[in-house]
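See structure below.
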Amino acid sequence: MVDKKLSGAGLRGQVAGETALCTVGKTGAGLTYRGYDITELADNAQFEEVAYLLLRGKLPNQQELDAYKEKLRGMRALPEALKTTLEQIPKDAHPMDVMRTGCSMLGNLETETDFSQQDDKIDRMLALFPGIITYWYRFAHEGVRIETDSDSDSIGGHFLELLHGKKPNELHERVMNVSLILYAEHEFNASTFTARVCASTLSDIHSCVTGAIGSLRGPLHGGANEAAMALIQKFQSADEAEQGLMGMLERKEKIMGFGHAIYRESDPRNAIIKKWSQQLAEEVGDTVLYPVSVRCEEVMWREKKLFCNADFFHASAYHFMGIPTELFTPIFVMSRVSGWTAHVKEQRANNRIIRPSAEYTGPEHSEWVAIEQR
Ligand SMILES: CC(=O)SCCNC(=O)CCNC(=O)[C@H](O)C(C)(C)COP(=O)(O)OP(=O)(O)OC[C@H]1O[C@@H](n2cnc3c(N)ncnc32)[C@H](O)[C@@H]1OP(=O)(O)O
Ligand SMILES: O=C([O-])CC(=O)C(=O)O
């Protein structure tokens, strides 16, 4: 993909606005949040610290971070009416639809009536999203009504604790933290652009995020981590994976978790999550999924010069932590809500309604035909 053209359909390569939040692929491969390199953030930061950076414009000092985490911990309780709504959603619903409904319902219960409330509304979503998805999931699948408070100090640890009903080990909490950092922000991707378009009409924050969840759901965007899992699970060995992929490429099928709209050489998030996936594979004694994933990566590069994006090794990493596949994209939501809402704030601070033009390709003039003559 080295000679990838950033032009043509899909608004590719067109500047659609300004942002001080993020650069993607500036050197062909890099990713920065407010100037900080993603590798450094993943190595050193807590997700809450990164959310603060995106939403408040600077890294917090220790006191600020402690206060921010304390605030988020205090906002984890689900309103009763939201629990009732979640209990109505069928067991076979897609969890992304549950997230969308959960966010939308929250907007009814705790409406943002004035933009001066935006920071509190955003923090509430960050604090509440793990509870929304796990409350529904465990009610629908196990028939239990869980408490959505936990002692966990981090959003990632909180999610795992609610999902599994017990404290995660240190490695799992760490990987969740890294994963949430990697997924937090990515410039004008489809879901973020959705949020900004909605914000540009001066709509409320829950509408912006609800729309963004809908855009993230698709397999060409956030849904790719689930699709990647479905792919690697089909194979019993690396050799079988190679054979399977060659067949798919011959049939010109899309391989989910590969390629990117902006990066030309690699997605810097891949090397990071791949390393953690390997550690988790060692922890669980995996001898299939990780080698299968590595072989897929090798074959795709050798055959198509296509590289793994952020989603591919997330699939095995999440699986090794016992996370059901259908919850993969909702985790993306728990993280990206920080980026989406940082963009909403940025859009609101310097707004003009986003309304591009279209190239008309329809008929020049159509003669009116009465209904009985059609
Ligand atoms: C966190 C994220 O959202 S990352 C993205 C997650 N999405 C996926 O993993 C889905 C699979 N990947 C894709 O569909 C694409 O690579 C996208 C949507 C990410 C980017 O789309 P585009 O920018 O339009 O792709 P691009 O212009 O690089 O495509 C070039 C060629 O490579 C092909 N190609 C791109 N990705 C893939 C893939 N994963 N598998 C097979 N072929 C591919 C395209 O079909 C295209 O071929 P063509 O010229 O014969 O039509
Ligand atoms: O930037 C994109 O088009 C998709 C992506 O990787 C993301 O949103 O994380």
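Between 253, 364, 49, the GNM of the chain built on Cα springs shorter than 10 angstrom shows 364 fluctuating the most.
Accessible area of the chain with a 1.4 Å probe: how many percent of it is carbon plus sulfur?
The value for the chain is 50 percent carbon and sulfur by accessible area.
Over what distance in Å are the Cα centres of the stretch 295-374 and the stretch 125-165 separated? That distance is 26 Å.
Within the shell of other residues whose beta carbon sits under 14 angstrom from the beta carbon of residue 290, the net charge comes to -2, with Lys and Arg scored +1 and Asp and Glu -1.
Could you tell me what % of all Cα pairs in the stretch 274-370 have separations over 23 Å? Considering the stretch 274-370, 56 percent of its Cα-Cα pairs are separated by more than 23 Å. Taking 157, 339, 74 in turn, the Gaussian network model of the chain (Cα-Cα springs below 10 Å) assigns the largest fluctuation to 74. Ligands, DNA and RNA are left out, and with a 1.4 angstrom probe the accessible area of the chain is 46 Å² per residue.
Within the chain, the longest segment free of exposed loop sites, counting chymotrypsin sites (Phe, Trp or Tyr not before Pro) that fall outside DSSP classes H, G, I, E and B and have at most 10 other Cβ atoms within 10 Å, spans 1-359. Select from 222, 156, 17 the residue whose mean-square fluctuation is largest in a Gaussian network model of the chain (Cα-Cα springs shorter than 10 Å). Result: 17 has the largest fluctuation of those listed.
Applying a threshold of 28 Å to the alpha-carbon distances of 26/234; 83/275; 274/304; 71/275; 26/69 flags 26/234; 83/275; 71/275; 26/69 as lying beyond it. Label positions at residue 351 and residue 284, each projected 7 Å from the Cα along the C-beta direction, are separated by 4.4 nm. Applying a 4.7 Å Cβ-Cβ cutoff to the chain, the cysteines left without a disulfide-compatible partner are 22, 103, 296, 308.
Counting other Cβ atoms within 10 Å of each Cβ, which trypsin sites (Lys or Arg not before Pro) in the stretch 157-209 have at most 12 and sit in a DSSP loop?
For trypsin sites (Lys or Arg not before Pro) across the stretch 157-209 that sit outside H, G, I, E and B with at most 12 neighbouring Cβ atoms in 10 Å, the list reads 166.
When the chain is fully extended, how far beyond the present Cα-Cα distance does residue 304 get from residue 243, taking 0.36 nm per residue of separation?
This chain segment gains 20.5 nm when fully extended.
Across every direction, the projection of the convex hull enclosing the Cα atoms of the chain has a mean area of 22.8 nm². Label-to-label distance for residue 18 and residue 120 is 3.1 nm, based on points extended 7 Å past Cα in the beta-carbon direction.
The values are calculated or read from the model by the stated rules, or taken from the named source; none is laboratory data. Treat the numbers as computed from the prediction; the structure is a model and nothing was measured. Every residue, glycine among them, receives a Cβ derived from its backbone with ideal geometry; neighbour counts consider all protein chains shown. In case anyone asks, the SASA skips ligands and DNA or RNA and just uses the protein heavy atoms, side chains included. Shrake-Rupley method; radii C 1.70, N 1.55, O 1.52, S 1.80 Å.
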